[in-house]
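Working notes, beginning with the structure itself.
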2 protein chains.
Amino acid sequence: MATSTVENYLKHMLLLSEGGEELVSMGALAEALAVVPGTVTTMVKALADSGHVEHRPRQGVRLTAEGRRVALNVLRKHRLVECFLVNVLKMDWAAVDTEAEQLEHAISDEVLDRLDALLGHPETDPHGDPIPSRQGKLDSQVYATLATCVVEKPLRIVRITDQSAEFLQFVEHNGLLPGESVRVTERNLASGLVTAKKTAGRPLVLSLAAAGKILVQPTR
Amino acid sequence: MATSTVENYLKHMLLLSEGGEELVSMGALAEALAVVPGTVTTMVKALADSGHVEHRPRQGVRLTAEGRRVALNVLRKHRLVECFLVNVLKMDWAAVDTEAEQLEHAISDEVLDRLDALLGHPETDPHGDPIPSRQGKLDSQVYATLATCVVEKPLRIVRITDQSAEFLQFVEHNGLLPGESVRVTERNLASGLVTAKKTAGRPLVLSLAAAGKILVQPTR
DNA sequence: TTAGTTATTTTGATTAGTCAAAATAAACGT
DNA sequence: ACGTTTATTTTGACTAATCAAAATAACTAA
């Protein structure tokens, strides 16, 4: 059985490779896991021995089919737990990532299935992140962001890709939750500022960096 | 923050001392934790250094006030999680102990409180084991068992003190769940057999050992 | 007492995961 | 092509938790 350390390595590899194809660098992984690069090298070699990853020395790592399977299962647990914490326990949107970080390693597949049923088989978590299916399918649709979308087009927010409590609180405070309608009224690359407007509300200015973390879809 | 290993040591000390007063032997602890005695000695010395226990060499250990506080919190998590798994997720009575074993170390105090509210502040878990209060009060009432109660007196089952899946399945199969009414019709110390009868049902024969794990209360 | 049994403690080794810092390889700019 | 910067790997050391087996202390029965 994979330890929670192993589960974390695999989960972050999945998240960093946007679907699991490209090589992930040791540095990026070290950064994501908050350990020094040397530790990652050591661990990745062990993971290669156990068949979870393929290690290309001095280039990077990639998940094997088995590693990807484990990673998707952990991610499914993480996101379903987030749904549970927000929808059933009514916890704060911004706090649940930290909680789920612990719980994702403690819940069994049995509990996972029942939780999924209880929640009505949701497709995304409260931040709009897609939940991998039981069979390991993960929606990999590429969305526009408030930093890349067409100006003045009516949009619907679908997902927030930064799970830090500060950013989520900012998003919540400004009513930019998934499901809300907005449009970008102005974008200035030089100043790095984006102005967005909700259907009923005053204009809201945010940085390109922040805007890039808010994924949107054209309203159909 | 206490590791889950530390939490397990403290929890089992609490369970083995029936309330936290008497000394617990190294052997009993080793048995309960499924480690060799030498490991327990080492660990207990560390726990004494951190102020969680008082170690009397060659005699045993006892929880300090702080150790007891931590242990009660873990036990509260364990039992509330069991309630959740059975009452909300409708999981099998006999399987939830194993699940809760993992979850008790992963849920935060915040989640614990909300779970408690969601479940309506239950006083016992599905096996009848008392749930420590948030303030650390644990019902320590001493109950009779089917092995010690008065013969022919009408009783109500309040608690099952063996959490092994096999025993719980046996109990469930024979309708001896907490809340049920029974009486002992015969007890033979020589053969070591107890005969019990539910209000509507045929007589049921069980060993003294098994009968001693079923706690009862006179029906008032 | 004295010998023998039993519980506990000590000692030395092992595994998983980590860090600091030195060594190495690759990439980059001129 | 050459030195410099940057990423990665290696090396040696450390902590938490464990086991096997030897040493010690305590209890027990004659």
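The values are calculated or read from the model by the stated rules, or taken from the named source; none is laboratory data. What you are looking at is a predicted structure, and each value in this text was computed from that prediction instead of being measured. So basically every Cβ, Gly included, is an ideal-geometry build from the backbone, and we count neighbours across all protein chains shown. All accessible areas refer to the heavy atoms of the entire protein, side chains included, with ligands and DNA or RNA removed. Shrake-Rupley method; radii C 1.70, N 1.55, O 1.52, S 1.80 Å.
Points worth noting:
- For residues of A:98-106, the mean tally of beta carbons on other chains within 10 Å: 4
- Fully extended contour minus Cα-Cα distance, from B:Glu101 to B:Thr185, at 0.36 nm per residue: 26.5 nm
- Measuring only protein heavy atoms, the 1.4 Å probe finds B:Met91 accessible over about 10 Å².
- About the Cα centre, charge dipole magnitude for the stretch B:4-63 (Lys/Arg +1, Asp/Glu -1 at Cβ), debye: 180 debye
- R0 of 51 Å, Cβ-Cβ distance A:Lys198-A:Ala34: FRET efficiency to nearest 0.05: 0.90
- Shielding of B:76-85 by partner chains, average beta-carbon count, 10 Å: 1
- Applied to the stretch B:170-175, the Karplus parametrisation 6.51 cos²θ - 1.76 cosθ + 1.60 on θ = phi - 60° returns per-residue 3J(HN,Hα) values of 4, 4, 5, 4, 9, x Hz, with x for Gly and Pro.
- For the protein assembly as shown, the calculated P(r), taken from all Cα-Cα distances in 20 Å bins from zero up to the bin holding the longest distance, is 21, 44, 27, 8, 0 percent.
- Euclidean distance between Cα centres, the stretch B:32-99 to the stretch A:24-73, Å: 34 Å
- Among chain A residues, the beta-carbon with the smallest distance to the axis carrying A onto B is reported, with distance in whole Å, as A:Ala106, 2.
- Cα long-axis angle, helix B:4-16 against chain B (0 to 90 degrees, to the nearest 10): 50 degrees
- The trypsin sites (Lys or Arg not before Pro) of the stretch B:35-83 that DSSP puts in a loop, and whose beta carbon has at most 12 other beta carbons within 10 Å, are B:Arg58.
- With respect to chain A, whose longest principal axis is taken over its alpha-carbon atoms, helix A:65-83 is tilted by about 50°.
- Projecting 7 Å from Cα along the Cα-to-Cβ direction, the label point of B:Ala46 sits 1.7 nm from its equivalents in the other copies, listed shortest first.
- With DNA, RNA and ligands ignored, accessible area of B:Phe84 (1.4 Å probe; Å², nearest 10): 20 Å²
- Residues with amide H under 5 Å from that of A:Leu119, placed H, sequence gap 5 or more: none
- In chain B, the longest principal axis of the Cα atoms and the axis of helix B:37-49 are about 60 degrees apart.
- Computed over chain A, relative contact order equals 16 percent, with contacts defined as Cα pairs under 8 Å that lie 6+ residues apart.
- With a Förster radius of 25 Å applied to the beta-carbon distance between A:Ser207 and A:Leu15, the computed FRET efficiency rounds to 0.65.
- Sequence-distant residues sharing a close amide H with B:Val53 (under 5 Å, placed H): B:Ala48, B:Thr64
- The stretch B:47-109: relative contact order as a whole-number percent, Cα under 8 Å and 6+ apart: 24 percent
- FRET efficiency, A:Arg134 to A:Glu22 (Cβ-Cβ, R0 25 Å, nearest 0.05): 0.45
- Mean separation of Cα contacts under 8 Å (6+ apart) over length of the stretch B:110-202, as relative contact order %: 24 percent
- Separation in nanometres of the label points that stand 7 Å from Cα toward Cβ, at B:Gln169 and B:Gln141: 3.2 nm
- Hits among lysines - C-alpha to C-alpha of A:Lys153 under 28 Å, sequence gap 8 or more where chains match: A:Lys197, A:Lys198, A:Lys213
- Exceedance of the 21 Å cut-off in Cα-Cα distance is limited, within the set B:Lys11/B:Lys137; B:Lys77/B:Lys137; A:Lys11/A:Lys137; B:Lys90/B:Lys137, to B:Lys90/B:Lys137.
- Placing unit charges on the Cβ atoms only, positive for Lys and Arg and negative for Asp and Glu, gives the stretch B:74-220 a dipole magnitude near 800 debye about its Cα centre.
- About the centre of its Cα atoms, the protein assembly as shown shows a dipole size close to 560 debye [charges on the beta carbon of Lys, Arg (+1) and Asp, Glu (-1) only; nearest 20 debye].
- Residues with amide H under 5 Å from that of A:Asp125, placed H, sequence gap 5 or more: A:Ile131
- Cα→Cβ-extended label distance, 7 Å offset, between A:Met1 and A:Ser50, nm: 1.3 nm
- Solvent-accessible area of B:Thr185 with every protein chain in place, 1.4 Å probe, in Å² to the nearest 10: 40 Å²
- Charge tally around A:Pro218: other residues with Cβ under 11 Å, Lys/Arg +1 each, Asp/Glu -1 each, net +4.
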